[in-house]
1. Of the conditions (1) of a type in the set (Ser, Thr, Tyr); (2) out of contact with any Ser or Thr (no Cβ under 9 Å at 6 or more places or on another chain); (3) in a helix (DSSP H, G or I), Thr195 fails just one. Which one is it?
2. Among (1) within 16 Å of ligand 1 (Cβ to nearest atom); (2) within 23 Å of Val143 (Cα to Cα); (3) aromatic (Phe, Trp, Tyr), where does Tyr264 come up short?
3. Among (1) closer than 18 Å to Ala295 by Cβ; (2) touching a Lys or Arg at 6+ places or on another chain (Cβ under 7 Å), where does Thr223 come up short?
4. Kindly list, by first and then second residue, each pair from a residue in the stretch 329-346 that is at positive phi to a residue that is among the basic types (Lys, Arg) and within 16 Å of ligand 2 (Cβ to nearest atom), limited to pairs with Cβ atoms under 9 Å and residues at least 6 apart or on different chains.
5. Just to verify a result, which residue in the stretch 396-413, among those that are among the small types (Gly, Ala, Ser) and farther than 9 Å from Ala381 by Cβ, is surrounded by the most Cβ atoms within 10 Å (Cβ to Cβ)?
6. Identify, by number, the condition in (1) in a helix (DSSP H, G or I); (2) over 20 Å from the mean Cα position of the chain (by Cα); (3) closer than 30 Å to His20 by Cα that Gln163 doesn't meet.
7. With a cut-off of at least 3 residues that are touching a strand residue (DSSP E or B) at 6+ places or on another chain (Cβ under 8 Å) and closer than 30 Å to Gly258 by Cα, name the helices (runs of 4 or more DSSP H) lying wholly within the stretch 34-132.
8. Please verify whether the stretch 311-333 includes one or more residues that are within 15 Å of the chain's Cα centre (by Cα), within 19 Å of Trp411 (Cα to Cα) and modelled with pLDDT of 95 or more.
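The values are calculated or read from the model by the stated rules, or taken from the named source; none is laboratory data. Computed from a predicted structure; not experimentally measured. Reconstructed Cβ throughout: ideal geometry from the backbone, glycine too, with neighbour counts over all protein chains shown.
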Amino acid sequence: MANPYNNYLALQETVDKTKHIIATFTMKVEGEPFDKTAGGVAAESSVGTWTDVGLEDKAIWDRLHAKVIALDESCGSLTIAYPLDLFEMGSIPQLLSSIAGNVFGLKEVIGLRLEDIEFPEVYVKSFPGPALGITGVRNLTGVADSPLLGSIIKPKLGLSSAQHAEACMKVWNEGVNLVKDDENLTSMTFNNFYTRVDEVTKRMKKKNYLQIGMAKIHAFNITASYEEMMKRANYVRDAGANCLMMDVLTAGFSGVQGIRNRNYGLMIHGHRAMHAAFTRSHQFGMSMLVIAKLARLAGVDSFHTGTVVGKMEGEKNEVVTINNFLRSDWYGLKTVLPTASGGLHPGHIPDLVSILGKDMLFNFGGGIHGHPDGTSAGARAVVQSLKATLAGIPLAQAKNSPELQRALEKWKV
Ligand code: CAP
Ligand code: MG
């Protein structure tokens, strides 16, 4: 009996890209021919299985089977075209269950990485995408073209809601645009989510920090079970605040889509906690570019993509490629503000601007709250650093910037 996997090879065929989703993988095989295993990956991620089945007729096959349209064993690359009818429009969980589902578990596959996915217009348009996009975030804050500055309150956990809110005010008062909860700060015994929203928005309203066109942003981390995320998002909206945060991978795309599809009209900041479990290994997993594309479909307005110069891994080419995609036109879907975060301090800003550009959010946790003279001084130092950088002044020569100079003493670049 011929192995059905071979039937999925269509190397001479040209497919209509407007009617297919095209996935590119890197694959390593053991104990079976590369091409047959490529067919197996196409089969198991579309309509097939390890043997022929009686119920499958020619009509089903012709309409739905995926096709291996390119492969190169020498570099392990594999490209598969999936007919659109395989997918439920507007559902990232179903897409991943298909293309990034069982295939990673096939015995003969000893390496498989989803490097990129090309989506046709009709599929992209089945998602709302970001509600604000870069333009909307800039309109909200009144920051026309320079990078936005953000902070993560540190320590990550332990402060009370009032202490957290006080730290936010210190940071905003010095000119920083955004503050976000840390990825693991949700609703704690010592810092309840709802109390935190109250404490923060109460202070923001007193200083008129929620006025559109000059607003400060607080990204409240609503990550939790779905029904709890809805309750928290409602509360943030009803409190008159302007931004939700979700840990996109731990909350799951179903959760992110669910919240976005409720059209709160609030900015959504996407954190990528746990991404490295998928993206770091070059043997198994998926690329950060794939995750960034899915996050844009799901509808985040800002998303972490890497710093190149900070504490987290991420090569310059990869980070720049992802950022360019997030800012690019994509069948009319709004753009996403790339966020550089992780081990950053004021001394990094010149490199950040020259490598990543100005359509960016630069986030500082330890780089503000670890300043030798405290949080306010740390916030002033990043503002001074950005000002000097945009004026083309070397940081060491920046005038009237004592806080910056103190920071440069503590943290050498
Ligand atoms: C940064 C951070 C962010 C990471 C996420 C942290 O704090 O709050 O979560 O940047 O990494 O918890 O480490 P610091 P990535 O500024 O104090 O380093 O952006 O790569 O997803
Ligand atoms: Mg964090």
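1. For Thr195, the exception is condition (2).
2. Among (1) within 16 Å of ligand 1 (Cβ to nearest atom); (2) within 23 Å of Val143 (Cα to Cα); (3) aromatic (Phe, Trp, Tyr), the lone unmet condition for Tyr264 is (1).
3. (2)
4. Going by the 9 Å Cβ cut-off, the qualifying pairs are Gly342/Lys311; Gly343/Lys311.
5. If we filter the stretch 396-413 for residues that are among the small types (Gly, Ala, Ser), which is where we start, we get 396, 398, 401, 407.
Add one more test, that the residue is farther than 9 Å from Ala381 by Cβ, and what stays is 396, 398.
Working: Ala396: 11, Ala398: 19.
Taking the candidates together, the pick is Ala398.
6. (3)
7. On the way: elements: 34-44, 58-64, 92-99, 121-124.
Qualifying helices (runs of 4 or more DSSP H): 92-99.
8. yes
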